[in-house]
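Worksheet: one structure, shown below.
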Amino acid sequence: MRFDIITVLPGLLESPFAHSILQRAQNKGIVEIHVHNLRNYTDNKHKNVDDYPYGGGSGMVMQIGPFAACIDKLKAERAYDEVIFLSPDGKTLNQEMANELSGKGNLLLLCGHYKGIDQRIRDIYVTREISIGDYVLSGGELAAAVVVDAVVRLIPGVLSDETSALSDSFQGDLLDAPVYTRPADWNGYKVPDVLLSGHQAQIDNWRYEQALERTRQRRPDLLDD
Ligand code: ADE
């Protein structure tokens, strides 16, 4: 799977992809992540990629020219399954969407800044708009990193134990059961006996009950579905 990400702040995306699971997925050759600096696609001598909004108002708007030049170049090199714009007015990311995206081949992600991007970019190029939650970030970069992380860990072969992604919270619409590790007794705070019992069926049943109870208490909306 391949991600191309267009941004004015490529430095913001260096660290999130350079550690842990995302780094390993790239080292294994399962995922490629390419970050493109939008400022390399402007004719403006000051490398500006934004301008004042037509009709007035506060804030700057990202221009269509640099985005079009970068997107057209990338699209000439390969076909993209989706061109995704990260935006608070997109559809909210959830596990189902991450599952769906993990089955795609090439994804192109556009990060906005300032007041927004010229609507024509969205009309002409964008096939899907994703929000990571009902709050406003300074730009799309951190949202893009969240999307990439949520998607990549679902690609077969990325996690060493494939079942660990399948048993994540939200897979199967339940939150995760609590987990424990050694010591079994820490200053009198004990691990539930059943987890030490060695009876796998009882353990599985306990985990299911705990997951159900946790979901009932914290996210009853998940059970309504
Ligand atoms: N850009 C700014 N805020 C965002 C959000 N909540 N989700 C996705 N992209 C964004």
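Miscellaneous remarks
- Solvent accessible area, Å² - Asp161, 1.4 Å probe, full protein context: 80
- Compactness of the stretch 167-224 as Cα Rg over 2.2 N^0.38 Å, two decimals: 1.25
- Long-range tail of P(r) for the chain (Cα pairs > 33 Å, %): 31
- The stretch 156-193 and the stretch 39-109: distance between their alpha carbon centers, rounded to Å: 37
- Comparing Leu22, Leu166, Leu109 in a Gaussian network model of the chain (Cα springs below 10 Å), the most mobile by mean-square fluctuation is Leu166.
- Computed magnitude of the charge dipole of the chain (debye, nearest 20; Cβ of K, R +1, Cβ of D, E -1): 620
- Solvent-accessible surface of the stretch 2-152, averaged per residue with a 1.4 angstrom probe and all protein chains in place: 50 square angstrom.
- The protection proxy used here, the mean number of other Cβ atoms lying within 10 Å of each residue, ranks peptides 138-150, 170-182, 96-108 as follows, highest first: 138-150, 96-108, 170-182.
- Exposure check, 1.4 Å probe, all protein chains in place: Asp4 carries approximately 0 Å² of accessible surface.
- In degrees, nearest ten, helix 141-152 long axis to first principal axis of the chain (Cα): 50
- Estimated inter-spin distance, His46 and Leu166, nm [label 7 Å along Cα→Cβ]: 5.7
- The trypsin sites (Lys or Arg not before Pro) of the stretch 42-96 that DSSP puts in a loop, and whose beta carbon has at most 16 other beta carbons within 10 Å, are Lys45, Lys47, Arg78.
- Here the accessible area of the chain is 49 percent carbon and sulfur, with a 1.4 angstrom probe and all protein chains present.
- Think of the chain as having a plus end and a minus end, set by charges on the Cβ of Lys, Arg, Asp and Glu; of Thr42, Cys111, Ser169, Thr42 sits farthest toward the positive end of this dipole.
- Computed 3J(HN,Hα) for the stretch 83-90, one whole-Hz value per residue from the Karplus formula 6.51 cos²θ - 1.76 cosθ + 1.60 where θ = phi - 60°, is 10, 10, 9, 7, 7, x, 9, x, glycine and proline marked x.
- Note on the stretch 30-127: with charges restricted to the Cβ of Lys and Arg (+1) and Asp and Glu (-1), its dipole about the Cα centre is near 280 debye.
- Members of Lys47/Lys75; Lys45/Lys75; Lys45/Lys104; Lys45/Lys91; Lys73/Lys115; Lys75/Lys115 lying beyond 29 Å, as alpha-carbon distances in this model show: Lys45/Lys104; Lys45/Lys91
- At R0 = 22 Å, FRET efficiency that the Cβ-Cβ distance of Asp193 and Gln217 yields, to 0.05: 0.50
- For the stretch 169-224, accessible area per residue (1.4 Å probe, heavy atoms of protein chains only), Å²: 78
The values are calculated or read from the model by the stated rules, or taken from the named source; none is laboratory data. Small disclaimer: the values here were computed from a predicted structure and weren't measured. With ideal geometry, Cβ positions are generated from the backbone for all residues, glycine too; neighbour counts draw on all protein chains shown. Heavy atoms of the whole protein, side chains included, go into the accessibility calculation; ligands, DNA and RNA do not. Shrake-Rupley method; radii C 1.70, N 1.55, O 1.52, S 1.80 Å.
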